[in-house]
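One structure, pasted below without further comment.
The values are calculated or read from the model by the stated rules, or taken from the named source; none is laboratory data. Remember, it's a predicted structure, so these values are computed and weren't measured experimentally. Note that we place each Cβ from the backbone using ideal geometry, even for glycine, and neighbour counts take in every protein chain shown.
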Amino acid sequence: MLTTPGPNPYYQYAEGHFESARATAIDRTKTGLLLIAIGFFIGWIPLFGVVGGILELVGAIMVILGRHAFGREHARNVMWSIIIFIIAIVVAIVAVFAIVFRLLRTIILTAPTASFRQVSDRTLSGRFLM
């Protein structure tokens, strides 16, 4: 026997719409946090680090989309945490580039008889001035 499903609360009254929107925002936040956690753990695997970074980015976007369900303070704190997260990524990228370019510069300017171990010890133990 076929039964007709009940009408969606969204169409019946305004409170139903707000309940539905809040539930959607909470689900987005939960999914975003799960994606951030999965991306963090996948990011440590050398070949899958990029996939982990993408999952973290998608999770951060989902948390941003669902931030209003928990109040103004939570929405503000979510934005601050995302800003700090992006700053940390930029600092890490700059540090990697500084180390790589410093190492390459030292290799190019060092005599060809110096071993790689000597060059890397000298580069990584010194200052990062270019």
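I'd like to check something: does region 24-33 contain any residue that is under 23 Å from V90 (Cβ atoms), touching a residue at least 12 places away in the same chain (Cβ under 8 Å) and either among the β-branched types (V, I, T) or surrounded by fewer than 19 Cβ atoms within 10 Å (Cβ to Cβ) (or both)? Before the answer, list the steps.
Taking region 24-33 as the starting set, the residues that turn out to be under 23 Å from V90 (Cβ atoms) are 32-33.
From what's left, touching a residue at least 12 places away in the same chain (Cβ under 8 Å): 32-33.
Next, from what is left, pick out any that are either among the β-branched types (V, I, T) or surrounded by fewer than 19 Cβ atoms within 10 Å (Cβ to Cβ) (or both): 33.
Checking region 24-33: at least one residue is under 23 Å from V90 (Cβ atoms), touching a residue at least 12 places away in the same chain (Cβ under 8 Å) and either among the β-branched types (V, I, T) or surrounded by fewer than 19 Cβ atoms within 10 Å (Cβ to Cβ) (or both).
Exactly one of these conditions fails for S20: (1) assigned to a helix (DSSP H, G or I); (2) at pLDDT 85 or above. Give me its number.
That leaves (2) as the condition not met.
Hey, does region 37-48 have a residue that's under 23 Å from A23 (Cβ atoms), surrounded by 14 or more Cβ atoms within 10 Å (Cβ to Cβ), out of contact with any Lys or Arg (no Cβ under 9 Å at 6 or more places or on another chain) and not hydroxyl-bearing (S, T, Y)?
Taking region 37-48 and keeping what is under 23 Å from A23 (Cβ atoms), we get 37-38.
From what is left, the residues that are surrounded by 14 or more Cβ atoms within 10 Å (Cβ to Cβ) are 38.
Next, from what is left, pick out any that are out of contact with any Lys or Arg (no Cβ under 9 Å at 6 or more places or on another chain): 38.
So of that shortlist, the ones also not hydroxyl-bearing (S, T, Y) come out as 38.
Yes, region 37-48 contains at least one residue that is under 23 Å from A23 (Cβ atoms), surrounded by 14 or more Cβ atoms within 10 Å (Cβ to Cβ), out of contact with any Lys or Arg (no Cβ under 9 Å at 6 or more places or on another chain) and not hydroxyl-bearing (S, T, Y).
State the number of residues belonging to region 29-54 that are closer than 20 Å to V78 by Cβ and either at pLDDT below 90 or in contact with a Ser or Thr (Cβ under 6 Å, 6 or more places away or on another chain) (or both).
Start the filter on region 29-54 by keeping residues that are closer than 20 Å to V78 by Cβ, which leaves 29-40, 53-54.
After this cut, where a residue has to be either at pLDDT below 90 or in contact with a Ser or Thr (Cβ under 6 Å, 6 or more places away or on another chain) (or both) as well, the list is 53.
Total satisfying the criteria: 1.
How many of the residues in region 39-67 are farther than 17 Å from T29 by Cβ and aliphatic (A, V, I, L, M)? Reasoning before the result, please.
If we filter region 39-67 for residues that are farther than 17 Å from T29 by Cβ, which is where we start, we get 41-54.
Of the ones still in play, those that are also aliphatic (A, V, I, L, M) are 42, 45, 47, 50-51, 54.
Residues flagged as farther than 17 Å from T29 by Cβ and aliphatic (A, V, I, L, M) within region 39-67 amount to 6.
For residues that are surrounded by 12 or more Cβ atoms within 10 Å (Cβ to Cβ) and more than 29 Å from R28 (Cα to Cα), scanning just region 70-103, find the one that is modelled with the lowest pLDDT.
Restricting to residues being surrounded by 12 or more Cβ atoms within 10 Å (Cβ to Cβ) and more than 29 Å from R28 (Cα to Cα), the top hit is L103.
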